[in-house]
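What follows is a single structure, written as structure tokens, with notes after it.
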Amino acid sequence: MAHQDETLQAGAPARGPATASPDAWDEARSLVEGWKGGLNIAHEALDRHVNAGHGADLAIRWLGKSGERRDLTYADLQAEANRFANVLAAHGLKPGDSVFAMAGRVPELYAAALGTLKAGLIFTPLFSAFGPEPVRTRMEIGSANVLVTTEGIYRRKIAPWAGEIDTLRLILILGDEAPEGCVALGPAMAAASPEFETVATKPEDPALIHFTSGTTGKPKGAVHVHNAVLYHAFSGRKALGLEPGVKYWCTADPGWVTGTSYGIISPLVNRAAMLIDEAEFDLERWYSTVQDEKVEIWYSAPTAIRMMMREGSEVAKPYDFSSLTFLASVGEPLNPEAVIWSAEVFGQPFHDNWWQTETGGIMIANRPGMEVKPGSMGKPLPGIEAGIVEREDGTLRELGPGKIGELALRPGWPSMMRAYLHEQARYDKCFVDGWYLSGDLAMRDADGYFWFVGRADDLIKTSGHLIGPFEVESALIEHDAVAEAGVIGVPDETAGEVVKAYVTLNPGYEPSEDLERDIRGHARKKLGPAVAPREVVFRKTLPKTRSGKIMRRLLKARELGLPEGDISTLETDET
Ligand code: ATP
Ligand code: MG
């Protein structure tokens with residue numbers, strides 16, 4: 001290794017004992033090179049490969065919305081990132097300054113992300129469908145100095161208030177022209193040199209800020225450092241099977257952490273050939289993309305998988321999926337039904353894995369080669385110590401197999417968040433007795449597999465039972481008519497709370513009293529009368545975050561007539 005060990009620490013500082021697995025971190029360190037005594041994510045993602053003679057390897061194959069295609073090799077992407085870094089420098093921006101991007105999945109966005117990191121600035125991607133207010137709040141929280149966006153987004157969402165953000169110094173507009181007060185990125189990039197010496201950032205220098213999905217409340221800005229790249233490299237190999245040249249498609253948008261950790265950094269650091277599709281979900285487009293591009297590793301999310309299931313297996317029959325070697329899913333619990341369905345249709349099951357914006361990388365996974373237990377999130381990655389804990393008299397107690405408690409992790413892995421921006425107290429509260437508390441409830445079985453139960457806030461207490469919504473939802477979607485389900489607890493005088501379900505239906509089914517009774521009957525058979533929903537309500541759609549997560553807190557607030565809270569990440573929904 002070309003670097004000094006003391007500059008390349010594996011551990012998160014000052015937060016309980018480091019995870020006791022030096023071997024895993026030695027292996028993770030061996031996957032990165034280091035740069036001039038420091039560490040920079042973009043050096044690991046691009047420069048290192050080009051220096052080693054892999055510049056001609058395919059880095060990105062981009063599929064545009066309207067059928068355009070563009071291939072970028074590692075050398076091409078490096079040159080684009082260098083140009084972007086030079087544009088920033090030419091405008092007087094310095095390491096530590098903050099760059100926001102909101103531009104959809106276009107090659108310029110990827111060059112901007114990597115150029116920002118090369119120049120030692122902090123990158124924050126935002127989902128391009130956010131409305132003006134969520135963008136503004138996040139740019140204020142993140143003290144944005146630069147915004148990279150499209151002319152359309154700028155005019156519709158940003159122009160009315162851009163002048164009021166004191167920190168904002170530069171607005172770069174994709175394309176050849178820009179409105180007054182902004183700079184057109186096309187000509188600026190063309191005029192910039194394709195050479196740039198990557199800044200030798202330190203491992204603990206901030207690199208990325210990601211806002212959480214806002215499923216449970218106001219989104220938090222999680223700060224990640226360059227050292228995270230050790231874990232991006234390592235977990236991409238261990239949990240997804242990424243390796244040089246492998247054809248990989250991550251369907252997540254870089255506006256969310258998955259789309260950056262595993263949609264930019266991890267595949268590039270592992271020198272994979274990644275596919276980027278600019279378009280939104282479209283069943284036939286997705287199936288032909290997997291077939292025609294011979295995708296080998298596919299990383300997606302339950303909401304997309306359920307959309308595929310909704311259209312049935314017949315639609316999938318004409319396609320050849322034989323290139324696929326590994327399928328993974330993250331973001332929400334993956335219902336057992338979806339695991340079994342995907343194994344039938346694709347010849348490979350989707351492998352569930354669990355992590356959070358805060359953890360920066362995959363923590364628990366059904367890894368390649370592991371036996372999959374449908375409905376389980378799998379086991380902790382090497383180097384990750386996970387436990388199920390319970391609070392008792394102000395301290396934490398670890399629970400044994402079969403017991404439900406809060407899912408906790410021993411701090412110390414490299415991609416752990418280092419702060420919630422401007423929310424020190426909230427950050428501090430996550431760390432208790434040498435554990436990081438995830439806010440999720442889970443159970444570990446005797447074989448060491450972890451099973452998701454629900455968000456701590458979503459747990460339902462009925463007649464002395466604790467019920468996780470996931471179990472009930474999974475049973476409901478096994479009914480032929482049910483496409484998706486969201487389950488909440490509603491207050492009840494005798495039981496404390498009773499279970500209520502909201503469902504959407506598969507094509508060919510219409511809401512009716514008979515169907516409601518039938519679905520309840522099915523759930524009662526699967527779950528028993530204490531756990532089965534008392535009431536099933538039909539909906540056209542369920543309220544979801546833009547990253548595809550069902551917002552149970554919103555179902556509940558609406559049910560109880562309570563304030564809806566922060567809905568900045570809500571997709572448009574109809575009842
Ligand atoms: P917020 O923290 O703002 O409420 P969020 O928790 O949804 O939003 P993310 O960090 O994007 O924001 O999502 C992480 C959460 O998603 C996890 O804490 C967990 O609740 C859920 N999740 C992710 N993967 C899985 C999985 N495989 N199984 C079950 N739940 C998952
Ligand atoms: Mg969260």
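State the Cα centre-to-centre distance between segment 362-419 and segment 260-277 in whole Å.
So the separation of the two Cα centres works out to 25 Å.
For His522, what accessible area in Å² do you get when you roll a 1.4 Å probe over the heavy atoms of the protein chains, rounding to the nearest 10?
Around 40 Å² of this residue is reachable by solvent.
Would you mind calculating the gained length between Glu398 and Lys461 on full extension (0.36 nm times residue separation, minus the Cα-Cα distance), in nm to one decimal?
Working: separation 63, 0.36 × 63 = 22.68 nm, distance 2.18 nm.
Stretched out fully, the Glu398 to Lys461 stretch lengthens by 20.5 nm.
Counting only protein heavy atoms and using a 1.4 Å probe, what share of the accessible area of the chain belongs to carbon plus sulfur, as a whole percent?
Numbers: 10560 of 21730 Å².
Carbon and sulfur together cover 49 percent of it.
Where does the charge balance sit around Val106 when Lys and Arg score +1, Asp and Glu -1, over other residues with C-beta under 12 Å from its C-beta?
Overall, the nearby charge balance is -3.
From Cα pairs below 8 angstrom and at least 6 apart in sequence, can you work out the relative contact order of the chain, rounded to a whole percent?
Numbers: 1287 pairs, mean separation 76.4, N = 575.
Relative contact order here is 13 percent.
Would you mind getting me the FRET efficiency between Tyr509 and Glu280? Use the beta-carbon distance for r and R0 = 30 Å, nearest 0.05. Walk me through the numbers on the way to the answer.
Numbers: r = 25 Å, r/R0 = 0.83.
So, using R0 = 30 Å, E works out to roughly 0.75.
Which FRET efficiency value, to the nearest 0.05, do you get for Phe431 and Lys218 by plugging their Cβ-Cβ distance into 1/(1 + (r/R0)^6) with R0 = 30 Å?
Values: r = 20 Å, r/R0 = 0.67.
Computed FRET efficiency for Phe431 and Lys218: 0.90.
With a 1.4 Å probe and every protein chain left in place, work out the accessible area per residue of the chain in Å², rounded to a whole number. List each step's numbers first, then the result.
Numbers: 21730 Å² over 575 residues.
For the chain, the solvent-accessible area averages 38 Å² per residue.
Taking a cut-off of 35 Å, what percent of all Cα-Cα pairs in the chain are separated by more than that?
36 percent
Can you return the lysines within cross-link range of Lys317? Criterion is Cα-Cα under 17 Å, with same-chain partners fewer than 8 residues away left out.
Answer for Lys317, where 17 Å is the Cα cut-off: Lys294, listed by chain and number.
As a test question: what accessible area, to the nearest 10 Å², does Asp282 have when a 1.4 Å probe is rolled over all protein chains in place?
70 Å²
Once you have a ≥ b ≥ c as the square roots of the Cα gyration tensor eigenvalues for segment 459-560, tell me rounded if a/c is under 1.5, and otherwise prolate or oblate according to whether a/b is larger than b/c. Intermediate values should be presented prior to the final figure.
Values: a/c = 1.71, a/b = 1.18, b/c = 1.46.
Oblate.
List the lysines whose alpha-carbon lies under 23 Å from that of Lys218, not counting same-chain residues fewer than 8 positions away?
Result set, ordered by chain and number: Lys157, Lys429, Lys544, Lys549, Lys556.
Straight-line reach only, C-alpha to C-alpha below 12 angstrom: list the aspartates and glutamates that Lys403 could link to, leaving out same-chain residues fewer than 8 apart.
Glu390, Asp445
The values are calculated or read from the model by the stated rules, or taken from the named source; none is laboratory data. Everything quoted here is computed from the prediction, not taken from an experiment. When we count neighbours, we look across all protein chains shown, and the Cβ atoms used for this are built from the backbone with ideal geometry, even at glycine. Note: areas computed on protein heavy atoms with side chains; ligands, DNA, RNA excluded. Shrake-Rupley method; radii C 1.70, N 1.55, O 1.52, S 1.80 Å.
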